[in-house]
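Derivation of every value follows stated rules applied to the coordinates shown; laboratory data play no part. All values derive from a computational prediction rather than experimental measurement. As a convention, Cβ positions derive from the backbone with ideal geometry for all residues, glycine included, and neighbour counts pool all protein chains shown.
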Amino acid sequence: MPRTLRHRLALLLVALTPLAALAQPAPPKPADPALLAELDRDIWQPFIKAFAERDAEGYIALHSPALVRGMGDMKRVETYAPWRQNTLAMFKRLAERDVRPAIRFRFLERIAGAEAASERGIYEFTATDAKGEVRRFYGKFHVIARKEHGRWKIAVDYDSSEGGTIDEASFRAAHAMDDYAKY
């Protein structure tokens, strides 16, 4: 190879090296534990409490009026008003049938910025009837939250059992809510 061609190729490589560095994806940055603690305080802990107390209004208050709710198993999407009506009816049925609900969450991913967050995980919903019989249901969820007036609210909520494949093992394999080092 002639010397001038080699020299030009070397110059081209030197010129492109900084561009190659820019093309490398940045390593993921860990979630800010303070933001995750805010999400737990504003959404997840009151969510668990509202179900345990069959507090429909408390549960509804965790959601943005701009809510979009996707239900994969039912192949349905709802906006706030119909979702609110259906939620009130669900809590009423639980009370009428004397069913004690409980819900727990474990997480696969928690990404949070100052104004918006994306959280994916597995939930375990337990329904204990008046006779003490317990039924458990599992599903995968993805919640997008936004800060509204200084508090986190659920803006988008999607869940699915993924054809019944989400189970107790899926739940146990996910990370505890307060295990902030995992995110």
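Within the range 29-40, the set of residues being in contact (Cβ under 8 Å) with a residue 40 or more places away in the chain and part of a helix (DSSP H, G or I) comprises P33, L35, L36, A37, E38, L39, D40. For the range 121-141, indicate whether the set of residues that are surrounded by 12 or more Cβ atoms within 10 Å (Cβ to Cβ), among the hydroxyl-bearing types (S, T, Y) and either touching a Leu at 6+ places or on another chain (Cβ under 7 Å) or in a loop (DSSP other than H, G, I, E, B) (or both) is non-empty. No, every residue in the range 121-141 fails to be surrounded by 12 or more Cβ atoms within 10 Å (Cβ to Cβ), among the hydroxyl-bearing types (S, T, Y) and either touching a Leu at 6+ places or on another chain (Cβ under 7 Å) or in a loop (DSSP other than H, G, I, E, B) (or both). The residue of the range 100-137 that is nearest to I48 (Cα to Cα), among those that are touching a residue at least 24 places away in the same chain (Cβ under 8 Å) and of a type in the set (K, R), is R104.
For beta carbons closer than 7 Å, sequence separation of 6+ or different chains, a first residue in the range 152-175 that is part of a helix (DSSP H, G or I) and a second that is β-branched (V, I, T) and surrounded by 13 or more Cβ atoms within 10 Å (Cβ to Cβ), the qualifying pairs are S170/I122; F171/I122.
Quick grid of which residues meet (1) within 12 Å of the chain's Cα centre (by Cα); (2) more than 26 Å from A61 (Cα to Cα); (3) surrounded by 17 or more Cβ atoms within 10 Å (Cβ to Cβ):
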site: V143; (1), (2), (3): yes, no, yes
site: H149; (1), (2), (3): no, no, no
site: A155; (1), (2), (3): yes, no, yes
site: E162; (1), (2), (3): no, yes, no
site: R172; (1), (2), (3): no, yes, no
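In the range 81-102, what residues are within 20 Å of the chain's Cα centre (by Cα) and surrounded by fewer than 16 Cβ atoms within 10 Å (Cβ to Cβ)? The answer is A102, and nothing else. Restricting attention to the range 106-120, the residues that are over 12 Å from the mean Cα position of the chain (by Cα) and assigned to a strand (DSSP E or B) total 0.
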